[in-house]
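This report refers to the structure that appears directly beneath it.
Only the coordinates and a few stated rules stand behind these numbers; no lab work does. Because the structure is a prediction, the values reported are computed rather than measured. Reconstructed Cβ throughout: ideal geometry from the backbone, glycine too, with neighbour counts over all protein chains shown.
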Amino acid sequence: MASQFDASEFVDDDFQTAQAAQKAGAKVLNADSKRAPSRDEVESKVGQMHDKLAELKRVQQELERERAVLEETRRRQAELTTGREEMLQHLTRGIGLLDEAEFAARRDAEQMSKTLAELRDALAKIQAINEESWSKENLNVELTRALTVLENSRLEWNAARLKFPVLAGSVPTEATAVPGVDNSLPNLLQQQSWAQLCKLGLALTWPVALTAIGIVLVLLLRTR
């Protein structure tokens with residue numbers, strides 16, 4: 001005959017103990033959640049909030065510093081871009097203007113050097129005139145030659161005065177000092193009137209005619 005069933009043989013005492021402890025803990029938690037927090041707990045939570053706020057403020061300050069650095073970098077980059085474009089335009093234009101001015105100055109210097117050599121040659125010819133060495137026989141020839149030298153020198157001087165206003169005692173104005181202005185003799189002649197050109201042509205040709213007349217007179221005197 002089977003033995004009588006004993007329910008205690010299938011009961012796990014440890015499981016029941018743990019389950020009972022869990023239920024007791026839940027009851028304690030429920031009781032804790034319902035009760036008012038103590039002063040120490042409130043102060044602890046307030047301290048935690050202050051710590052969190054301090055940490056957030058520190059993070060905010062760090063982000064502000066990083067933003068300021070980035071803003072300064074962006075400003076400097078924009079300044080570099082703008083300044084580079086500006087200086088590229090200024091330097092390109094300046095180099096072009098100075099190249100043109102240098103070319104004009106070099107051309108004017110060459111003209112001045114040529115005119116200076118011509119004036120020095122004319123001065124040397126005038127200084128070479130020695131009236132004491134003339135004789136009665138060659139007086140007319142030497143006088144004609146000397147007058148021709150003198151008139152040629154006057155033409156050189158007048159042409160130089162037209163090209164270089166400083167020789168006339170006047171200061172070059174801004175308009176005449178602008179690089180690229182053509183102050184060459186052909187251009188100056190084109191600016192003269194017809195009457196002035198006629199006077200200039202007469203001034204250029206009459207020494208030759210006078211020389212020819214002088215030679216004819218000398219030949220006539222010798223044939224007598």
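Find out how many positive minus negative residues lie around residue 145, taking Lys and Arg as positive, Asp and Glu as negative, among other residues whose Cβ is under 13 Å from that of residue 145.
-2
Karplus couplings for the stretch 161-168 from phi (6.51 cos²θ - 1.76 cosθ + 1.60, θ = phi - 60°), rounded to Hz, Gly and Pro as x?
Along the stretch 161-168, the couplings run 5, 5, 7, 10, x, 4, 6, 8 Hz.
Can you give the local net charge around residue 130? Use residues other than it whose beta-carbon is closer than 14 angstrom to its beta-carbon, Lys and Arg +1, Asp and Glu -1. Mind showing how you got there, number by number?
Numbers: positive: 125, 145; negative: 131, 132, 142.
Around residue 130, the surrounding residues sum to -1.
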